[in-house]
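The values are calculated or read from the model by the stated rules, or taken from the named source; none is laboratory data. Keep in mind that this is a model prediction, so the values were computed, not measured. A quick note on method: Cβ atoms are made from the backbone with ideal geometry, for glycine too, and the neighbour counts reach across all protein chains shown. These accessible areas exclude ligands, DNA and RNA; they are computed on the full protein's heavy atoms, side chains included. Shrake-Rupley method; radii C 1.70, N 1.55, O 1.52, S 1.80 Å.
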Amino acid sequence: MLDLDGVTLTRLLTAATLMFHVIFATIGVGIPVMIAIAEFLGIKKNDPHYLLLARRWARGFTITVAVGVVTGTAIGLQLSLLWPSFMQLAGQVIALPLFMETFAFFFEAIFLGIYLYTWDRFKNRWLHWLLNIPIVIGATLSGFFITTVNAFMNTPQGFDLLDGEAVNIDPLAAMFNPATPTKVFHVLTSSYMTSALILAAIAAFMILKKKGSFTYHKKALKLTMIAGLIFTAGTALAGDLSAKFLAKEQPEKLAAAEWHFETESNADLIVFGTIDENNEISNEIRIPGALSFLAGNSFDTEVIGLNEFPEEERPPLWVHYAFDLMVSIGMYSLFIAGIFVLFSYIKRFNEHNKFLLMGIVASGPLAMLAVEFGWVYAEVGRQPWILRGIMTVDEAATTSTSVGIAFGLFLALYAVLGFFCVRVLLKMFRNKPAEAELEQRFPGGKL
Amino acid sequence: MSLEVIGISVLWLFLYGYLIVASIDFGAGFFAYYARVSKREHIMSKLISRYLSPVWEVTNVFFVFFFVGLVGFFPDTAYYYGTALLLPGSVAIILIAIRGSFYAFGNYGSKDNTVYLFLYGATGLLIPAALSTSLTISEGGYLEETSEGVVFLAGELFTSPYSWSVVALAIVSVLFISAAFLTYYADRAEDVDSRAIMRKFALWWSAPTIGASLLVFAGLRDHNVEHFRRALDLWWMFGLSLLFFLIAAFLIYSGKRYGTAFIMVMLQFFFAFFGYGASHLPYILYPYITIEGSVVNETMGTALVIVFILGLCLLIPSLYLLMRLFLFDADYVKGKK
Ligand code: HDD
Ligand code: HEM
Ligand code: HEM
C-alpha cells in the first residue's frame, strides 16, 4: 500500500471531486448557450431541425445538470470539511462571491425547471425562448462567482493580516483581484468552447456512423463548428492574456510551466521535452524568444525565472506537461474548426470528408481534457500555497484521521455516478433516434 | 437588530424552507417506491412525478444556500463542524448525491428501473436521519476539543436516546408533511384514488409526529437542561404549534379544505422550528460557538445582508412564477399540459 499522509489524501480527495465536478460544470456553463442559439435559429427560420436540436440537447442536459448539482453540493460541503482552517480565515474575506453564487444557482434552477416543462405551453414560441436568458445568465454568473474565489486564492487581496486574523476587509477588492479578469475570461470561453466541440463531436460521429444524407446532423455540425471556432479563438486569446497576467503577478507559476530558471529577456519557449534532477532539459522543441513574447508581446520582455524563488516555494515542474497539452489541444481545435468552416464556405472542398469528421470527433473529448489540464496546471502551479503567500496547503488541511475512508467512499461514488450517467445518456438517445423523433413531433417536417 | 441576529434568522428561515420542500420531496420518493412495490403505481406515480420534476433542483439549492450562508455568516462553524464531521458529513453528501442523480436517471432516463427508484426512495428516509444528527450534535456533548483538533464522539451519539428521538422525529415529520401536501396536490388534480391513499397516510403519520416531539423534549431535558428551560420559556410557540397540528389533523380527517390543512401543517412546523431555534440561542454549537462570538466581520456581514436583500428581489418573483406554472395551474396539475 502507498503510505499517504493526511494532507496528501485531503489534496487527492479535493482534486478528485473538483476534476469530476468540473466535467459537468463546464457542460453546465456552455450547453445553455448552445441550446439558446439552436432554439433561436429554429424559431427565426421556422426550421424544425433546429427546434429538435434544442430539445434533444436540453434533454441530455437534464442528466448532466443533475450530476453537476450533486457534485457541486459535494464540493461546497467538502470545502468546510476538508479545509476548515482555510474556510475559517478566507471565509472572512471571500464569503461574498460564494454566497452570491448560491443566488445564481437558485435563479438558474428555477428557470431550468420552467424551461424543461413548458416546451409546448406558450402559443408564442419566443416566450419559451426568453426563458433561456435567465438560464444562460445564471450559469455564466455562477461560473463567474466561483472563479473569483479561485482567483482570490492565487492573488489574495482586500484585507490585512493581524496576528493571523483578517482585518480591514474589503469584499469587493477581494473579489476583483488581479487574477479575476483573465481567469473568468478563460474559464467562460473554454466552457463554451468545450460544450460546442462536444456537441460537434456527437454530430460528426452520427454522420460517420450512418452514411447518406442527414440534414439534421449536418445542420447540427455546421452550427456547433462555427460556434466552436469563435469560442476556441476566444479561449486562445484569453489563455494568452492569462500568461501575460502570470508573468506580471504570479511569475513562479509561469516559470514552472515553462521550465524557465534564469530571469532574462528574449527568453526561449520550451515545448515538451524532458528534465532531469539537475534541471537539464533535453528532447525539447525550443522556440527562440517566444516566451518573452508570450509574457509581454515583445522579445525584450524580461521573464522572471524560478531561481528567484526559494526552493520550497516552487511549484512542481511536471505542470509543464499539463500546460503544453492544454495549449496543444487549443491549437488543434483551432485548426480543425478553422478547416471545417473554411471548407464549408468553399464549394470545391467537402467539409464532410471522413478524416475531417474523425478529427472533429476527437476534438470534443480532447477539449474536455484540456479543461482538466488547465485546472491541474492552475491549481498545482499554485503549490505549496492554498492562499498564495499567506497559507500553505499543509496548514489548511483538516486534522481528521478519517480522510482515507472518505476518499475511498467518494471515489466509489464518482465511479457509480460516471457509469450510470453515461449509460442513461446512451440509452436515452438510442431509444429515440433523431429522425424518428422529428417525424413524430413535426409530421411532414412542418411546425 | 444586530448583524448576528439578522444572519441567523435568515439562515433559519431558509432551513425552514428546506425542511418543508425537502420533506415533500423525501417523502414523495418513499411513497413512489411504496406505490411501485404495492402495485399501485399507476395511481400515484404520475401525480408525484408531475409535481417533483420541475422543482427537485430548487429543493437542493435551499440546502446549498443554508450551508454556504452559515459558513459565510459564521465562519467558525466551518472549523468546528468541518474538522469533526468529516465522516458523517461525507455520508450525508453521498446520500444526497445518489438521491439527486438517480432521480434524474430514473425520471428522464430509464423510467421503469426499480433499482433507481429504490435508491431514490430509501435515501429519502436516510438523508433526514443523517442531517438531523447535526442538530443533535449542536446540543453539545458529542464533540471534544483536544490538542489534536476537534474530535467527534461517535459512540456517544449512537448510544444517546436523545439522538435517536431526533432521528425518529425527522423521519415521521418527513412522511407527515409529504403526505399532507400530496393529499392537497391530489385533490387539486381531482385524482380521487391517490387522494384517498395519501389522506390515509397523512392520518396515519399524524399522531406519531406529536409522540416523537414529546420524546425529543424529554430527551432534551436529560441532555441539555439549559436549552430545555429556555424552551419552556417559549412554551406558547410550542402551544401554537400543537394547536395548528390539531386543526390540520381535523381538516384532513373530515376530508375537506386540504389546502388550508397543508398551510396549518406548515404553521405547525414553523412554530415548533422557530421555538426550537430561538431557545437554542445564543449557541450555534454548545458550548463552543455562540452567534456573537463567531459572527463574520462587520463589513462582510453587511455585504452579505445587502446581497441577500437584492437576491430576494430576484428570487421571489421567480419562485412565484414557478409555483404559478406548476402548483397553482389547475390544468398542469391535472396533467392536461
Ligand atoms: C466554470 C464553472 C464552475 C466551476 C469552476 C465550479 N462550478 Fe460548481 N457548478 C457550476 C459551475 C462551476 C454550474 C455549471 O453552474 C453547476 C453545474 C450544474 C448546475 O446546475 O450548476 C454547478 C453546480 C454546483 C453546485 C450545486 C448547486 C445547485 O444545487 O444547484 C454547488 C454547490 C457548486 N457547484 C459549488 C462549486 C464549488 C464550491 C466550486 C469550486 C471550488 C465549483 N462549484 C466549481
Ligand atoms: C475555494 C475553492 C478552492 C479550493 C479550496 C481549492 C483547493 C485545492 C487544493 C488544495 C488542491 C490540491 C492541489 C494539489 O493536489 O496539489 C486543488 C486541486 C485542484 N483544484 Fe482547486 N481549489 C478551489 C477552487 C477550484 C476551482 C473553482 C476549480 C475548478 C473547478 C478547481 C480545480 C482544481 C483541480 C482540477 C485540481 C486538481 C489538481 C491536481 O490534480 O492535483 N479548484 N484545489
Ligand atoms: C490556446 C492556448 C492557451 C493558452 C496560451 C492558455 C494559457 C493558460 C494559462 C496561462 C493558464 C493559467 C492561468 C492562471 O493560473 O492564472 C491557463 C489555465 C486554464 N486553461 Fe488554458 N490556455 C490555452 C488553451 C486552453 C484550452 C483550449 C482550454 C480548454 C478547452 C483551456 C482551459 C484552461 C482552464 C480550465 C484553466 C484553469 C482556469 C484558469 O486558471 O484560468 N486552456 N491557461
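Of note:
- Test for B:Val10: is it assigned to a helix (DSSP H, G or I), closer than 30 Å to B:Tyr283 by Cα and more than 14 Å from the chain's Cα centre (by Cα): yes
- Here is the figure for the stretch A:356-383: residues that are open to solvent by 20 Å² or more (accessible area, probe 1.4 Å), more than 8 Å from ligand 2 (Cβ to nearest atom) and at pLDDT 90 or above total 7.
- Applying the set (1) in a helix (DSSP H, G or I); (2) away from ligand 2 (no atom under 12 Å from the Cβ) to A:Asp394 leaves exactly one unmet item: (2).
- Condition check for B:Thr83: more than 8 Å from chain A (Cβ to nearest Cβ) and either of a type in the set (Val, Ile, Thr) or open to solvent by less than 10 Å² (accessible area, probe 1.4 Å) (or both): no
- Residue list for the stretch A:112-130, restricted to those being free of Cβ contacts under 8 Å to residues at least 40 places away in the same chain, within 11 Å of another protein chain (Cβ to nearest Cβ) and open to solvent by 20 Å² or more (accessible area, probe 1.4 Å): A:Tyr117, A:Asp120, A:Arg121, A:Phe122
- Cβ separations smaller than 8 Å between residues 6+ apart or across chains give no pair from the stretch A:392-408 residues that are at the interface with chain B (Cβ under 7 Å from one of its Cβ atoms) to residues that are aromatic (Phe, Trp, Tyr) and open to solvent by 40 Å² or more (accessible area, probe 1.4 Å).
Conditions (1) outside any helix (DSSP H, G or I); (2) of a type in the set (S, T, N, Q); (3) open to solvent by 20 Å² or more (accessible area, probe 1.4 Å); (4) at the interface with chain A (Cβ under 9 Å from one of its Cβ atoms), marked per residue:
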| position | (1), (2), (3), (4) |
| --- | --- |
| B:Ser23 | no, yes, no, no |
| B:Ala35 | no, no, no, no |
| B:Ile48 | no, no, no, no |
| B:Val61 | no, no, no, yes |
| B:Thr77 | no, yes, no, yes |
| B:Val91 | no, no, yes, yes |
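- Pick from the stretch A:131-157, criterion in contact with a Pro (Cβ under 6 Å, 6 or more places away or on another chain) and within 12 Å of chain B (Cβ to nearest Cβ), ranking: nearest to ligand 1 (Cβ to nearest atom): A:Val149
- Residue match in the stretch A:80-92 (condition: in contact (Cβ under 8 Å) with a residue 60 or more places away in the chain, open to solvent by less than 10 Å² (accessible area, probe 1.4 Å) and either within 19 Å of the chain's Cα centre (by Cα) or more than 10 Å from chain B (Cβ to nearest Cβ) (or both)): no
- Of the helices (runs of 4 or more DSSP H) contained entirely in the stretch B:224-337, those carrying at least 1 residues that are free of Cβ contacts under 8 Å to residues at least 40 places away in the same chain fall at B:225-233, B:235-254, B:258-280, B:298-326, B:330-333.
- In this structure, A:Ala25 does not satisfy being closer than 19 Å to A:Tyr117 by Cβ and out of contact with any Cys (no Cβ under 6 Å at 6 or more places or on another chain).
- Within the set A:Leu438, A:Leu417, the sole residue that is out of contact with any Ser or Thr (no Cβ under 9 Å at 6 or more places or on another chain), assigned to a helix (DSSP H, G or I) and more than 26 Å from B:Ala154 (Cα to Cα) turns out to be A:Leu438.
- Criterion violated by B:Ser38 - all others in (1) more than 26 Å from A:Ala397 (Cα to Cα); (2) in contact with a helix residue (DSSP H, G or I) (Cβ under 6 Å, 6 or more places away or on another chain) satisfied: (2)
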